[in-house]
Every structure is written in structure tokens, then in C-alpha cells.
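The values are calculated or read from the model by the stated rules, or taken from the named source; none is laboratory data. Just so we're clear, the structure is a prediction, and the values are computed from it rather than from any experiment. In this analysis, Cβ positions are derived from the backbone assuming ideal geometry, glycine residues included, and neighbour counts consider all displayed protein chains. Just so you know, the surface numbers come from the protein's heavy atoms only, side chains and all, with ligands and any DNA or RNA stripped out. Shrake-Rupley method; radii C 1.70, N 1.55, O 1.52, S 1.80 Å.
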Amino acid sequence: MIVVGISNYDMKTETIRRVFPSFRAHYNKNTLSVKALANRMAKGMYIKWIQKTNNIRMKTKLMISFILVVFIPVALVGALLTESLRRTALNDAIQQTSNDVEKVKTRISDILRSPIEVSNKLVSDPRLEALVNKRYDSSYSVVEAYRGYQEFELYKKLYKEIDNIRLYIDNPTLLNNWDYFQPDQVAATEWYQAVMNTDKISWYYIGDETRNDQLYLSLVRRAFFPTYRTSGVLVMNISQTKLNAILQQEQFETMVIDGNGYIAAANNRGLAGKHISDLRITQGILDQPNGTYQIDYNGKTSKLVIDSLVPDVSSNGLKIISVFSVESIVRKANRISMFGLSIIVMSLLVAMVFIYIFSSLLSKRILRLSKQINKVALGDLYASSAIDGDDEIGQLSRQFNYMVGNIRDLMEEVFESNRQKTALELKQKEIKLKMMASQINPHFLFNALESPRMKIHLRGSADIADIVRQLGNLMRKSIEVGGGTIELGEEIDMVRCYLAIQQFRYEDRLEYHIELAPEASTIRIPPLVVQPLVENAVIHGLENKEEAVYIRISAELRGDKLAVTVADNGAGIGESKLERLARSLSDPEDGEYNRIGLRNVHQRLVLTYGEPAGLQIASKPSEGTEVRFMIPVKEDSDV
């Protein structure tokens, strides 16, 4: 048995491995628990479900969501309400029927009370005892005795519940008439035999020979006459009219059944006298406790309400039953349910149509936006989404247009920047070529100037020798300038050389002052951005002015920016000319010679540091001119 068990375990494990391929990679008999495996499988199924859901189109998702969120819940609620309505209607019908049966029971009890009282009086009446036990010698004496006792007729007249009274007794001298009978014909009947063996009242649905054996619900009891030690059977017919009047008011099929299963009265008079087996109702149902039962009646599922009526001092009793078809009760509920269901279905269909329309509109707008996005993805930056509305899709469309516009502007800006940069580089190369052509081999010129400078110095002309030295230094620094960056201190040294040469030329007409902050001297800047400004100040400052011109150069750090200012107190610039100058700084096509240096510096600063780093010019006639720029400083002091 152990070997077989292990083999079965291995076979199950191998089956699991074949069914779940992922189990083969992760399975470890010592470490992997069943719970962890189940969690992993559940997570994998969830991920696959999400992936499949993401592949469904938006319109289909909306329709599925409507079905899941609205249609199914409404259908379930409708079904539950319909079933609840059916149950409520059925329970109400059962309760109403039970109440009606209880009322019938009470009223029939009231009817049976009178025969019971009358029977008690008759069986204890000594006159009746003497009448039926006396031995008569002639028929005349019997008739006279009958005439002398009229209690039977009197009770029938006084109590409408009693239809007839008769007594069966064994006395050969009596004559059979409408009230007294010899028991010869009924002595062998079941009810007669049963009554003779009990002192209690019995109730049977039996025939009356005085009425052509018409069947009546009858009170039957033994009449014992102690004086004569004899017994008879008293039979009292219950008024069928009274019973029918009670049952006729019932809305459902209601019947009164005796102990043998015969229908003594019913609101459907055609059922009177039939046995319940004729109605396909089993006799055993009458033996069940009082209550409600489900039966098959006339081929329909029906409810049967049973209640027992056992009058006082009775050996048996009656059964009052009421039958109604379940279909007849729930028909109205079904009609209401169908009406409600029709309204629900119509509402759902209308809602589904609207959902379909809205989902179509929504999906169309999304598809339109998707087409425009595809155009942009393919490089069409002039694509535009014309989706109106203030909902999320409309906002997304406007944001898409704004984004595409920004991308287009950025691309145009980059293109223009590259174009300007290329143009500037070409212009710089052209200037550099011109400078190189005009220098006529600066190395040779620098070396050639050194020889006369020494001779001038030896002859005692120190000022001329110094100017020649400054000119040599200026040429050397011009040669060393490349396309990269230089320290601000080196740029200022070139400015000093230039100003020294110009001061030698103009003597007392030119004065200058340089303010260079120590922390700013090591900052690296593009070459030849300060010297052209100083040169412009010297040339235009001395124009049309006979007095001395003062030039001030300052460079300092202001926070994270380097501020450079070149100012003079020359003739200044008029307002209209200043405006033209400001416009020409950004116009590469302006070919005016005296603006080339400023425009070159301005465009280099703008291309390198942005628009805020360009030249700022302030000037007033007869007061001078100030040119300044501010450029950001990097942490490594390379701007």
C-alpha cells in the first residue's frame, strides 16, 4: 500500500508539471509552498486578463461595462423583485385563505351547535324513551302515540340548521313513518355499527330514505334508554342550504369533508357527494396536520389549506379544505412583473442606444486625435487637432495643439539659431582672414619692431620705445587668440596695450581708468569682446569733441553674473541714431563699417549665452555713451 501511495503521488506531481509548464522552473519540493504557487498563478492570470482587456476597443469596453455594471444588476434586481412579488402574493393568498377557512370553520361550528343541543335534549327525553320502547297492540295506538309526541317537527321549525330528524330503533310494534324506522335496512352500514359502539356524537355524510336517499351531512349518535335497557340511533340532517350559503362566499374552491373523505358541501355544488379521490387528492392528505400543502390539482400546481373541525363530544370531525391554483395567484404578480420587465428592457435598450451613440462619438474623437498624433510621429509638425468641447478629450486636443506648436516653434528657433551661428562663424572667418591678410605676417612684424625699439631706447626716447613695446605685445596677444576662451585678465591686458598706444597718439585728449575686480580676472570669456567696445569708445568718443575724453572700463561680479561696462564722456549719440544702432546689432545684413565690431560682439554673446547677455547701449548727446553686458558665470569660472 505504501509503494502504491508513493507512485500515485509521483504521478500527480508529474501531471501538474505537464499541465503547468511554469511550475517546472519554480518547483522545489522543499521550499515552494502550495499557497505561493497559487498566488503566483493567480497573479499571472490577472496580468493576462489585464492584457486582454487592454486589447479591447474603447467602444466595446464601454458596451461591456454597461452590460456588467447596469444590465446584469438590473436583470438580477428585476428577477429578485419578481420572485419577491410572487412570493408575497402567494403568501398573502395563503394567509387570506387560512383566514377564510378559519371563518368557515367558525360559522359551521355555530351551525352544528344547534343539532348537538337538540340531540342532547332528545336522547334524555323520557317521553321519547317511553314512546319508542312501548309495545303496542294495534296500529291505531301507534299512530295516536306518534300524534302525542311532536318534538321532532317542533325542533325542525325552531332550528333552521336542522333539515330533518329521524330515529332508528328495534321495536317491532312501531310503524315506519317519516320520523321512526326499524334499523333493518341500515343496521349493516358502517356508520350505524360505529355509532352503536360509542356514546359520542359522530358526523357522516349519508343518505336520507325519507328524501329519496339524498345525501346530507348528518349528526349521528346512539340514544340509550336506561329504563328499558335499549338503544336506538338518532340521525339529524344538517341544512344543506345553510352550508352552501357559508361556502358560496369563498373566492377559492372550498369544501367540507366528512371523516370518510366524502365532500359534504362545496362552493362548487357539482363536487358535493364526490370522494376526494375523484379529485385526485389522496386520502392521506386529510390525515396531515392542519396547515398548507402543495398538491397537483386538476393538472395544476396548487396550494391546499386544511383545517379540522371536531365539535364537542364528537368521536370524529370534519375537514375544511380550500384549494387554489398557484398560477391564478401569481398571474397578477406575473402581469405586473412582465409590465415592469418590459419597462426595464425598454429603458435598457434606450440606454444601450445612447451608450452606443456616446461611445461612438467618444471613440471617433479619440481616433481623430490618434490620427493627428500619428502625423506628428511621422514628422508633420503642422498637424492640428480640431476637436471641440471642454471635456478631457477636448482639453487633450488643445494641449496637443499647444505642444505641437511649441515643438514647431522650438524647431524653427533651433533652425534660426543654427543659421545665425553658421552665418556668424562665416563672418568671423572672413574677419579673421582679413585680419591675417592685413597683419602681413605678425611674427615677422613683431620681430622687426623689436630691433628699432631697442635702438630708440638706447638713444633715450623711452616713451617711443614703450609704445613700440605695447604695439608688439598687442600683436603677440592677437596672434595667441584662438577660437576658444581666454581669461578676463588677459583681455584687459590687450585693452591696456591698445589704450596706451591710443593715449600716445592723442596725448592729453584721452584719459582712461580700468577697474578689474580680483575675483573676476580669472573668469574665462570669449576673446575680443571687450577690446572692440573700447576701440569704439575711443573712435566715436573723440569725434566732434576738442576737450579731453575720459574712458572707464569696469568688470565685477554681481551674484552669479559677470558685469562688464565701457563708458566714455564723448559727444554721445542722438536718440534716433541710438535706435537705429540698437536695431542693427541683430541685423547681420547691415554692412555699415563702424557697426561691424559692435554687431559681431553682440551676436557672439547672444549665441553663446542667450538674448539677455547681449549688448546694452545707453547714450545722450554731449554726455557720453555707456556700453555694458552681463554674462552668467559657471562654477569652474568658464563662462
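What FRET efficiency do you get for ASN374 and ASN418 if R0 is 41 Å and r is their Cβ-Cβ distance, rounded to the nearest 0.05?
So, using R0 = 41 Å, E works out to roughly 0.90.
Take ASP278 and GLU102, extend 7 Å from each Cα along the Cα→Cβ direction, and tell me the distance between the two endpoints in nm.
Reported label-point gap for ASP278 and GLU102 is 3.2 nm.
How much length is gained if the chain between ASP213 and LEU80 is pulled fully straight, taking 0.36 nm per residue apart and subtracting their Cα-Cα distance, in nm to one decimal?
Numbers: separation 133, 0.36 × 133 = 47.88 nm, distance 5.59 nm.
Extra length available between ASP213 and LEU80 comes to 42.3 nm.
First measure r as the distance between the Cβ atoms of GLU623 and ASN401, then evaluate 1/(1 + (r/R0)^6) with R0 = 41 Å and state the FRET efficiency to the nearest 0.05.
0.20
Where does the charge balance sit around GLU515 when Lys and Arg score +1, Asp and Glu -1, over other residues with C-beta under 10 Å from its C-beta?
With Lys, Arg at +1 and Asp, Glu at -1, the net is 0.
Just to confirm the filter: which trypsin sites (Lys or Arg not before Pro) across the stretch 145-234 are DSSP coil and have at most 11 other Cβ within 10 angstrom of their Cβ? Spell out each step's value before the answer.
Values: sites: ARG147, LYS156, LYS157, LYS160, ARG166, LYS200, ARG211, ARG221, ARG222, ARG229; in loops: LYS160, LYS200, ARG229.
Answer by residue number: ARG229.
What whole-number value in Å² describes the accessible area per residue of the stretch 185-282 for a 1.4 Å probe?
Per residue, the stretch 185-282 has an accessible area of 45 Å².
LEU304's amide H: which non-local residues (gap 5+, or another chain) put their own amide H closer than 5 Å, with H modeled 1.01 Å from N in plane and none for Pro or chain starts?
Hits under the 5 Å cutoff: TYR293, GLN294, ILE295.
Using all alpha carbons of the stretch 278-341, what is the percent of pairwise distances in each 10 Å bin, ordered from the shortest bin to the longest?
Each 10 Å bin holds this share of Cα pairs: 19, 38, 24, 14, 4, 1.
Using a 1.4 Å probe on the protein heavy atoms, what percent of the accessible area of the stretch 281-343 belongs to carbon and sulfur? Please list the in-between numbers first.
Numbers: 1830 of 3250 Å².
Percent of accessible area from carbon and sulfur atoms in the stretch 281-343: 56.
So with the 1.4 Å probe, I'd like the accessible area per residue for the stretch 304-349, rounded to whole Å².
49
Provide the per-residue ³J(HN,Hα) series for the stretch 567-579, in order, calculated from phi with Karplus coefficients 6.51, -1.76, 1.60 and θ = phi - 60°, each as a whole number of Hz, with x at glycine and proline positions.
10, 9, 10, x, 5, x, 10, x, 5, 5, 5, 5, 5
On full extension of the chain, what length is gained from MET58 through TYR293, given 0.36 nm per residue of separation minus the C-alpha to C-alpha distance?
In short, 79.1 nm is gained.
Suppose each label sits 7 Å from its Cα in the direction of the beta carbon; what would the ALA36-GLU546 distance come out to in nanometres?
10.4
Between beta-carbons, use under 14 Å as the cut-off and find the net charge around VAL414, counting Lys and Arg +1, Asp and Glu -1.
Working: positive: ARG408, ARG419, LYS421; negative: ASP409, GLU412, GLU413, GLU416.
The answer is -1.
Can you list residues from other chains, or at least 5 along the same chain, whose modelled amide H is less than 5 Å from the amide H of ILE551?
Excluding prolines and chain starts, which carry no amide H, the hits are GLU511, TYR512, HIS513.
In nm, to one decimal, how far is the GLU556 label point from the THR227 one, both placed 7 Å along Cα→Cβ?
A separation of 15.7 nm, rounded to one decimal place.
From the phi angles alone, apply the Karplus equation (6.51, -1.76, 1.60; θ = phi - 60°) to the stretch 117-128 and give each ³J(HN,Hα) in whole Hz, x where the residue is Gly or Pro.
Calculated HN-Hα couplings, in order: 5, 5, 5, 4, 5, 5, 5, 9, 7, x, 5, 5 Hz.
May I ask which of LYS160/LYS303; LYS103/LYS242; LYS156/LYS200; LYS242/LYS300; LYS274/LYS319; LYS561/LYS620 have a Cα-Cα span longer than 25 Å here? Numbers along the way, then the final one.
Numbers: LYS160/LYS303 34 Å; LYS103/LYS242 14 Å; LYS156/LYS200 22 Å; LYS242/LYS300 31 Å; LYS274/LYS319 14 Å; LYS561/LYS620 27 Å.
Correct reply: LYS160/LYS303; LYS242/LYS300; LYS561/LYS620.
Can you pull the semi-axes for the stretch 265-304, root of five times each eigenvalue of the Cα gyration tensor, sorted largest first, whole Å?
So the three semi-axes of the stretch 265-304 are 17, 13, 10 Å.
Taking 25 Å as R0, compute the FRET efficiency from the Cβ-Cβ separation of VAL70 and LYS48 and round it to 0.05.
That gives a FRET efficiency of 0.40.
May I ask for the distance between the Cα centers of the stretch 486-550 and the stretch 316-344, given as a whole number of Å?
114
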